[in-house]
Every structure is written in C-alpha cells, then in structure tokens.
Amino acid sequence: MNKPVSFQTVIEYVEALSSEEQDLLLELISKRRIEQRRQEIARNAAQTLEAIRTGTASVVLLRICGLIC
C-alpha cells in the first residue's frame, strides 16, 4: 500500500511541474471531479426512483425533486 503524502509535499510536486503540466493536471482534476459529481447525482436519482417505486419516498423528498407541487 502507498504511504500517504502530505498536502505540502503534493504542492511542492505540483510547483515542480512545468506550466503546461500544471494546466494539464488542473484540467484532469476538474474532469475527474465533474465525473464523480455525475456519478453521485446518478446514485441519488436511482435511490429516489427506488423510494418512489417502493412507496417509501417522503412528500418532502418528492417536492425537492420537483416531482410534486
């Protein structure tokens, strides 16, 4: 297993990269975070639909999701 690296060490590694590499790293991190968020939203949607299907969804949840007025 990999030994955890301190945040400061990570910053130092990033600062040692060229500007182009730093830009690429930022873009990669951004895309990964977007994908993680999409997956989280999809999981939440699946859980909500399952709750609706099984009749365990609360009125508050349905209002939040915009499924009832």
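The values are calculated or read from the model by the stated rules, or taken from the named source; none is laboratory data. All figures in this text were calculated on a predicted structure; none of them were measured in a lab. Glycine gets a Cβ as well: all are built from the backbone with ideal geometry, and neighbour counts include every protein chain shown.
Values for this structure:
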| item | result |
| --- | --- |
| Residue in the stretch 6-27 that is among the aliphatic types (A, V, I, L, M) and at pLDDT below 85 present | no |
| Total residues in the stretch 29-69, condition at pLDDT 80 or above, over 30 Å from Val14 (Cβ atoms) and surrounded by 10 or more Cβ atoms within 10 Å (Cβ to Cβ) | 11 |
